[in-house]
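Below is one structure; the comments refer to it alone.
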There are 2 protein chains.
Amino acid sequence: MLRRTKKERQRLLSETIADNPFVTDEQLATQFQVSVQTIRLDRMELAIPELRERIKDVASKTYENEVKSLPIDEVIGEIIDIELDNRALSIFDVKEEHVFQRNGIARGHHLFAQANSLAVAVIDDELALTVHSNISFVKPVRAGDRVITKAIVIGRDEKSHRTKVELTSTVNGETVFVGEFDMYRTKGKGEQQ
Amino acid sequence: MLRRTKKERQRLLSETIADNPFVTDEQLATQFQVSVQTIRLDRMELAIPELRERIKDVASKTYENEVKSLPIDEVIGEIIDIELDNRALSIFDVKEEHVFQRNGIARGHHLFAQANSLAVAVIDDELALTVHSNISFVKPVRAGDRVITKAIVIGRDEKSHRTKVELTSTVNGETVFVGEFDMYRTKGKGEQQ
DNA sequence: CTGATATTAGTACCAAGTGCTAATAACAAC
DNA sequence: GTTGTTATTAGCACTTGGTACTAATATCAG
């Protein structure tokens, strides 16, 4: 084996494609210094579909997962469960880029972003905006932590167009963040500000 | 014109494709009882890209947004003036990627991020963490707006290692966001290097 | 009837593949 | 060295869902 082993190349190939599904066989062949045919054999063995199928997969996946009040792509973290106007759950994996270099603790605005976008997503309305919120960062979160955030709609006032949402984020069962969000919604008379 | 007018067909065609970008010319031809060539002419006139391009657009759009949560920079916005443990000022230009596609209003977490990172920056300490905050989104902010955020340190308790910071964000002199941040810091007065 | 517009047909070509066969290359075992 | 096995490369026909272009025909309006 010249460049490395076949196994090693296939491992890297899987990674590369997972990282960027938009890459063609030709680009991969150049990258790994092998022929296009080898790349194709590799894909066969690894059961990796062709470029067009991969792209279609990405596209259809996001198409299925559309949430009514907010496109899925505008949510920080991944929504794993949602019951509109009732409750929602999202996961956010804290990575190196989310923490302070100096102390390794996650910057507050990332936790806020996850909570805030979940609060917006749970509202079953075309327009949902955060008006006010009262939040507490209970415990530091670090890179590698998986933050699970739960949103519970706890009150709704039709007249003021407000909905109250309670947010709780935990890491390994321990609460790291809590917040109460006051959301504005349009439903009823759709007048925008 | 046989089936209806060309205009009517093209209107329906746009709708159909918008509704389901995964449809092929052939399917469309069958649906509208015209030839594939007519569908292609229609797409030309309406500047609707071919199936593969449409799918790629859907896929890449969601792919971008997955990564595009919050910037990696330690500070959101540009600090233009700072007097440690006293006050600080930052500017943040709201762009298209910061607003909801649906209504053009800036997502709350970006405003929070600017305020939060300014609150962290104004503290003259190695470690500064947000413990609690009470915030209000006073007025919607839109793409193109220049948000100026001012942080004022309004209180400090040596024993609890807490510092209170008041944040105000304005656009063209109008207040759009206010917040009170409770910051934790490691060192009390006099312990500093 | 004439012209303009709309529609259809047909051809060559493209990207990014699949599926298949066959030729080499590399390396290990004996 | 020779043989066996696995790995790699090459080549060709074929596929989808198109583009780009030309040319013929249909439809309708004045």
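The values are calculated or read from the model by the stated rules, or taken from the named source; none is laboratory data. Since the model is a prediction, treat every value here as computed from it, not as a measurement. Because the Cβ atoms are built from the backbone with ideal geometry, glycine has one as well, and the counts that use them run over all protein chains shown. In case anyone asks, the SASA skips ligands and DNA or RNA and just uses the protein heavy atoms, side chains included. Shrake-Rupley method; radii C 1.70, N 1.55, O 1.52, S 1.80 Å.
Some observations on this one:
- B:GLY144 meets all of the listed conditions (1) in contact (Cβ under 8 Å) with a residue 12 or more places away in the chain; (2) in a strand (DSSP E or B); (3) of a type outside the set (Lys, Arg) but one, namely (2).
- A:LEU111 vs. criteria open to solvent by less than 20 Å² (accessible area, probe 1.4 Å), at pLDDT below 85, under 30 Å from B:SER133 (Cα atoms) and more than 16 Å from DNA strand D (Cβ to nearest atom): no
- Just one of the listed residues (A:GLN101, A:GLN114) is of a type in the set (S, T, N, Q), assigned to a loop (DSSP other than H, G, I, E, B) and either touching a Ser or Thr at 6+ places or on another chain (Cβ under 8 Å) or within 24 Å of B:GLY77 (Cβ to Cβ) (or both), and it is A:GLN101.
- Within the set B:ASP124, B:ASP145, the sole residue that is more than 21 Å from A:LEU111 (Cα to Cα) and either open to solvent by 50 Å² or more (accessible area, probe 1.4 Å) or not assigned by TED's automatic domain parsing to the domain that holds B:GLU97 (or both) turns out to be B:ASP124.
- Annotation note: of B:LYS95, B:LYS7, B:LYS61, the sole residue that is modelled with pLDDT under 90, away from DNA strand C (no atom under 14 Å from the Cβ) and over 30 Å from B:GLY179 (Cα atoms) is B:LYS61.
- Evaluation of A:VAL178 against (1) in a strand (DSSP E or B); (2) at pLDDT below 95 (one fails), failing number: (2)
- Some residue of the range B:174-186 being aromatic (Phe, Trp, Tyr) and more than 21 Å from A:ILE76 (Cβ to Cβ): yes
- Conditions (1) surrounded by 24 or more Cβ atoms within 10 Å (Cβ to Cβ); (2) more than 10 Å from chain A (Cβ to nearest Cβ); (3) under 28 Å from A:MET183 (Cβ atoms): number failed by B:GLU174: (1)
- Leading residue by the ranking (most open to solvent (accessible area, probe 1.4 Å)) among those in the range A:43-57 that are among the acidic types (Asp, Glu) and more than 10 Å from DNA strand C (Cβ to nearest atom): A:GLU45
- Filter result for the condition that a residue is at negative phi, without any contact (Cβ under 8 Å) to a residue 24 or more places away in the chain and in a loop (DSSP other than H, G, I, E, B), over A:LYS159, A:LYS164: A:LYS159
- Top-ranked residue of the range A:38-57 - restricted to ones that are of a type in the set (A, V, I, L, M) and touching a residue at least 12 places away in the same chain (Cβ under 8 Å), ranked as farthest from DNA strand D (Cβ to nearest atom): A:ILE48
- Tally, over the range A:127-142, of residues that are open to solvent by 40 Å² or more (accessible area, probe 1.4 Å) and in contact with a Ser or Thr (Cβ under 9 Å, 6 or more places away or on another chain): 4
- Residue within the range A:36-52 that is outside any loop (DSSP other than H, G, I, E, B) and under 21 Å from B:LYS61 (Cα atoms) present: yes
- Within the range A:17-37, the set of residues being within 13 Å of DNA strand C (Cβ to nearest atom), open to solvent by less than 40 Å² (accessible area, probe 1.4 Å) and more than 14 Å from every other protein chain (Cβ to nearest Cβ) comprises A:ASP25, A:LEU28, A:ALA29, A:VAL34, A:VAL36.
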